[in-house]
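S.K.: Okay, handing you the structure first.
FYI, it's all coordinate maths here, none of it is from the lab. These figures come from a predicted structure and were not determined experimentally. Because the Cβ atoms are built from the backbone with ideal geometry, glycine has one as well, and the counts that use them run over all protein chains shown.
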Amino acid sequence: MSVFQIIAIAAACFCLCGLFLHFIHIVRLGKPNDLSEKSGDTTKGIVYANTTAMLPQNKESAYLHIPGYAAGMLFHIGTFLCLLIFLLSLFPFFNRWIEVSTLRLIIAAVLAVTCLSGYILLFRRVLSKDLKGLSTPDDFISNALTSTFQLFTILHLVWPTNGVATALYYIACSLLFVYMPFGKLRHAVYYFAARYHLGFFYGWRNVWPKHED
């Protein structure tokens, strides 16, 4: 196990501890407390908030920006895939496998698309006056770190025996993990609570989604 891998593992542990503290904070806030009279089904509302409500036609403005929505979805898929690869990279059998398997090149090709989507979203945020005006430094940093994380995952898959590529990969992992609990990337935890509260509220009041009798 290399020094860079040990640092990345330490950073991942730090990240998990930070995200766990955010989770504890959410739990301490308790369940939603709606003082109005219940008139709907909260379960249906919560299910809807986490499924159909995520489709672009059911969002406030995503249906007007389908290319950006699609790029965002691809970007998230690539991030989840890279996190899985990092987890597997902690096991020797996986590292031996990527040294000989051609499947890694297919995975790298998929990640090239998701990584490109991330950088497109980043440059779009930089170049668009409207988006730039709505953005904070955290938006740029989070996108840049995640896109770079995907980029160096690709390099690690393509050149698994290259010491420089491997070192850069674990450095990118470490930077992402250390930053995650402090920036917008912590929505990995808050997303689920937000969708739960949203679905609970509208399900309780029976105003969204509309249920047929």
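S.K.: Kirkwood hydrodynamic radius for the range 70-150: how many Å is it when counted over pairs of different Cα atoms?
M.R.: 13.8 Å
S.K.: Also, quick follow-up: Cα atoms only, the range 158-212: Rg and Dmax in Å?
M.R.: 20.3, 60
S.K.: What list of ³J(HN,Hα) couplings, whole Hz, do you get for the range 171-182 from phi and the Karplus terms 6.51, -1.76, 1.60, once you set θ to phi - 60° and write x for glycine and proline?
M.R.: 5, 4, 4, 4, 4, 5, 5, 5, 7, 3, x, 9
S.K.: Ok, one more. If you average the alpha carbon positions of the range 138-205 and of the range 83-125, how far apart do those two centres end up, in angstrom?
M.R.: Between the Cα centres of the range 138-205 and the range 83-125 lies a distance of 13 Å.
S.K.: Starting from the Cα-Cα distance between Val100 and Asn206, subtract it from 0.36 nm times their residue separation and give me the gain in nm to one decimal.
M.R.: Numbers: separation 106, 0.36 × 106 = 38.16 nm, distance 5.56 nm.
Full extension from Val100 to Asn206 adds 32.6 nm.
S.K.: Moving to a separate point now. Using only Cα atoms and rounding to the nearest 10 degrees, what angle (0 to 90) does helix 103-127 make with the longest principal axis of the chain?
M.R.: So the helix axis and the longest Cα principal axis differ by about 60 degrees.
S.K.: Then there is this: Can you give the angle from 0 to 90° between the axis of helix 137-158 and the longest principal axis of the chain, with both taken from C-alpha atoms, to the nearest 10?
M.R.: Orientation of helix 137-158: about 40 degrees from the principal axis.
S.K.: Could I have the simple spin-label model distance between Val47 and Met1, label points 7 Å from Cα toward Cβ, reported in nm to one decimal?
M.R.: 4.4 nm
S.K.: Go ahead and estimate [θ] at 222 nm for the chain from helices alone: -39,500 (n - 2.57) per DSSP H run with n ≥ 4, summed, over the residue count, rounded to 500.
M.R.: On the way: 9 runs with 157 residues, N = 213.
That comes out to -25000 deg cm²/dmol.
S.K.: Do me a favour and compute the ellipsoid semi-axes for the range 121-213 from its Cα gyration tensor, root of five times each eigenvalue, largest one first, whole Å. Intermediate values should be presented prior to the final figure.
M.R.: Working: eigenvalues 265, 68, 33 Å².
Largest first, the range 121-213 gives 36, 18, 13 Å.
S.K.: Taking 37 °C and 0.692 mPa s as the conditions, I'd like the Stokes-Einstein D for the range 9-83 in µm²/s, using the Kirkwood hydrodynamic radius from alpha carbon pairs. Write down the numbers at each step before the final one.
M.R.: Numbers: Rh = 16.1 Å.
Result for D is 204 µm²/s.
S.K.: Right, something else. What FRET efficiency, computed as 1/(1 + (r/R0)^6) with R0 = 45 Å and r the Cβ-Cβ distance, is obtained for Val27 and Leu90, rounded to the nearest 0.05? Mind showing how you got there, number by number?
M.R.: Numbers: r = 28 Å, r/R0 = 0.63.
With R0 = 45 Å, the Cβ-Cβ based efficiency is 0.95.
S.K.: If you place +1 on the Cβ of every Lys and Arg, -1 on the Cβ of every Asp and Glu, and leave all else neutral, what size is the dipole of the chain about its Cα centre, to the nearest 20 Debye?
M.R.: Working: 16 positive and 10 negative charges, 35 e Å.
It comes to approximately 160 debye.
S.K.: Give me the Å³ per residue figure for the convex hull around the C-alpha atoms of the range 1-152.
M.R.: Numbers: hull volume 27.8 nm³, N = 152.
About 183 Å³ per residue, rounded to a whole number.
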